[in-house]
Amino acid sequence: MYSPGHAGASAYARVGVQTGVTGASPHRLIVMLYQGARQAIAQARMHLQQGDVGARGTAVSKAIGIIESGLQVALNKEAGGEIAERLDTLYTYMTRRLLAANLQEDEQMLMEVDGLLATLEEAWVGIGPEAAQTAAANAQVNAAAHAAAHA
């Protein structure tokens, strides 16, 4: 079905993604999850337009998996409080809309979820520098506490 060259390119792409994940900060990993979910939705839209039911279902399932097993699972409801609770509710809503979009062959629903993810991704990217500074400050405090404990 695929040429050996395509298999090599695919393997190279997988290594690139794995390398990106391995060296990524927690903040960057969330960005990558948003991007992956949005890419899966874009594929679902393409397959919907082409009438490829199986491929559309696979793409929708991938987007749902990223939302449920990546974004939603990563929420820390204790530390995140009300914001984390609201995100959890929003992720559940997105999952339901993706399921409905697939069953009803509704591109508007796919676009709705993509828009929600785009908004969240933009906000998350916007807090990137702040999150990095906070992480660096926390690392310094932890290092100082560790050094004091062993002094």
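The numbers here are math on the coordinates, done by the rules we state, and not lab data. Since we're looking at a predicted model, the values are computed, not measured. Here the Cβ is made from the backbone with ideal geometry for all residues, glycine too, and neighbour counts use every protein chain on show.
Calculated FRET efficiency, I83 and S25, Cβ-Cβ r, R0 25 Å, to nearest 0.05?
FRET efficiency, I83 to S25: 0.80.
Would you mind calculating the relative contact order of the stretch 28-121 from Cα pairs under 8 angstrom and at least 6 residues apart, reporting the percent as a whole number?
Working: 87 pairs, mean separation 31.7, N = 94.
In percent, rounded to a whole number, it is 34.
Could you pull out the trypsin sites (Lys or Arg not before Pro) across the stretch 51-123 that fall in loop regions by DSSP (anything but H, G, I, E, B) with no more than 15 other Cβ atoms inside 10 Å?
Nothing satisfies the criteria.
Describe numerically, in nm with one decimal, the distance between label points set 7 Å from Cα along Cα→Cβ at T119 and at L99.
Going by the 7 Å Cα→Cβ label model, 2.3 nm.
Would you calculate the separation in nanometres between label points at Q49 and E107, each defined as 7 Å from the Cα along the Cα-to-beta-carbon direction?
Each label point lies 7 Å from its Cα, and together they span 0.6 nm.
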